[in-house]
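Single-structure report; data block below.
None of the figures in this text is laboratory data; all of them are computed from the coordinates on show. A quick note: this is a predicted structure, and the numbers were derived from the prediction, not measured. Neighbour counts run over all protein chains shown; Cβ positions are idealised from the backbone, glycine included.
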Amino acid sequence: MKLLVIRLSSFGDIAMTVPVVTDIARAYPQLEITVLCKEFAKPLFDYMPANVRFRGVTKANCKNFLGLFRLFRTLHKEGFDQVADLHDVLRSKVLRTLFAWTGARVAHIDKGRKGKRALTRAKHKVFRQLPYIHDLYKDVFHRLGYQASEQFVSIYDNRNEADYYPLLGTGIDETALNREFLIGIAPFAAHKGKILPCDTMLEVIERLLTYPRVRIFLFGNGRAEEKSLLEQWAARHPNNVYSTAGKLPLKDELALMSHLKVMIVMDSANMHLARLVHTDIVSVWGATHRYAGFSEHWSRERMVEINDLSCRPCSIFGNKPCLRGDCACLTRIKAEDIVQSALLDYDPKAPIP
C-alpha cells in the first residue's frame, strides 16, 4: 500500500505533521509513505522511519494548473493507493481531485474555519478550545483506516543526540553542556501580531544574564534585517549570547535546540521545531491564542499571555491590524514573567544534567 501525504507549506504546519506521520509509519511498517512538501522542509524528515520518503516540490510545480498537472502525472506513475491532504488549499485540492479521478482513496483535513472565525471576530466571540491541529491530522489518517497512539517524543529517538550537535562556531564546547544553563530565544514570527516589542525581549535577555551559568542562543530566519538585529543583541554580551541567524543550517539548528534547557518562542515555527526535539518551551502569545489549536496538548510548554483582553484573539495568524491600536496583548507582557517561566527548573547550585 502506498500513501501520499500532502502538506506543501507553511513551515510550522509542516513541522506539526512530523509526530503524526512518524507514529503512523511506526504503527504500519509495511505502509510506504511519501510526504510532499516544499523542498526547504526536508531536514525535518531526515530522521523518519525507513518507510517514509520525502518528496520536495518547487514553486514552479505549484505556480498554476499546468504545473500541478505535470506534478500529478509524475506522482501518478508511482502508483499511490491513498492520498492524505493535510493542507486543504487550492493547490492540494487540485492534486487530490486528480488522484480521486484515478481511483485513489482520498481524505482531507477539516480546518474548522467556521469555528476560527467565531473565535476571532470582534463581537460575540465563541471563546472555546478548537480541535488541536495535531488531532485534525490524525483524523485524516483515521478516515483512511490508520490509527496510532502518540508515541513520538523527538526526531532523535534512539539516536545519540550529541553526534548531531554543531559545536563549531557556537562559542561552546562539549563540557559546557553539563555546566551551563542553555536557553534559546526566537524573538520573531511571520506577522507583527505575534512579535514581542524589542525592548521587552532585550529586558528578558538582560534579566536572564544576571543568573550564573546562563548562556543564550538567538534564533532567526537569516533575513538581513533579523540577522543584523540579533547580531547587535549578541554583541552586547559576546561571551554569553550567540546569534545563530544565517549561520547554521536547519539540521544543526534542530540539533542545538535539542541541547537547550528551555526555548523562549513566539507563536511561530520555532515553537513547533523545539517540540520536535523534546525541548521545554516558554511560548509568548499576542494577537493569536492557543484555543485556535496550534498549541499541542502533549507538549512541554509554559505559556505567557494577557488573559483579560476581550478583543483577544483577533487573528488566527497574527496578520490583522490591532483593533485597539496599542497591541496591548504584547505591550502589556512583562519581561519578568517570561524570565520566571524560563527559569522554573533553574538551580544555580545544582549540576545541570
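Of the residues G115, G246, G67, which exhibits the maximal mean-square fluctuation in a Gaussian network model of the chain defined by a 10 Å Cα contact cut-off? For the chain, modelled as a Gaussian network with Cα springs under 10 Å, the answer is G67.
For K111, a cut-off of 15 angstrom between C-alpha atoms picks up these aspartates and glutamates, skipping any fewer than 8 places away in its own chain: D13, D85, D88, D135, D139. Compute the relative contact order of segment 2-143 as a whole-number percentage, counting only Cα pairs closer than 8 Å that sit 6 or more residues apart in sequence. It comes to 24 percent, rounded to a whole number.
Net length available on complete extension from L90 to F127 is 10.4 nm, with 0.36 nm assigned per residue and the Cα-Cα distance removed.
In segment 2-143, a dipole from Cβ-located charges (positive for Lys and Arg, negative for Asp and Glu) runs towards its positive end, and of I24, F141, N61 it is N61 whose Cα lies farthest in that direction. Using just its DSSP H runs of length 4 or more, each adding -39500 (n - 2.57), the chain gives a mean residue ellipticity at 222 nm of -9500 deg cm²/dmol after division by all residues. Straight-line reach from K125: which aspartates and glutamates have a Cα under 17 Å away, not including same-chain ones fewer than 8 places off? Cα-Cα hits under 17 Å: D308. Using the alpha-carbon centroid of each, what span in Å lies between segment 101-143 and segment 209-287? Value for the Cα centre distance between the two parts: 31 Å. Over 24 Å between Cα atoms: which of K2/K38; K42/K114; K93/K116; K116/K192; K63/K114 fall into that group? From K2/K38; K42/K114; K93/K116; K116/K192; K63/K114, over 24 Å: K42/K114; K63/K114.
Ranked by how many other Cβ atoms sit within 10 Å of their own Cβ, fewest first, the residues R207, R275, R312, R223 fall in the order R223, R207, R312, R275. Summarising the amide proton neighbourhood of V5: residues at separation of 5 or more, or on other chains, whose placed amide H is nearer than 5 Å comprise T34, V35, L36, A84.
Annotation: extensible slack from K114 through Q147 equals 9.2 nm (criterion: 0.36 nm per residue apart, minus Cα-Cα distance).
Between the beta carbons of K63 and E225, assuming R0 = 25 Å, the FRET efficiency works out to 0.35 to the nearest 0.05. May I ask you to work out the translational diffusion coefficient for segment 28-91 at 25 °C, viscosity 0.890 mPa s, via Stokes-Einstein with Rh from the Kirkwood sum over Cα pairs, reported in whole µm²/s? Result for D is 189 µm²/s.
Once backbone amide H atoms are built at 1.01 Å from N, G222 has K227, G246 as its partners under 5 Å, excluding neighbours fewer than 5 places away on the same chain. Using a Gaussian network model of the chain in which every pair of alpha carbons under 10 angstrom is joined by a spring, one finds that among T58, T17, T288 the greatest mean-square fluctuation is at T58. For the chain, a crude dipole built from +1 on the beta carbon of Lys and Arg and -1 on the beta carbon of Asp and Glu, taken about the Cα centre, is about 1700 debye to the nearest 20.
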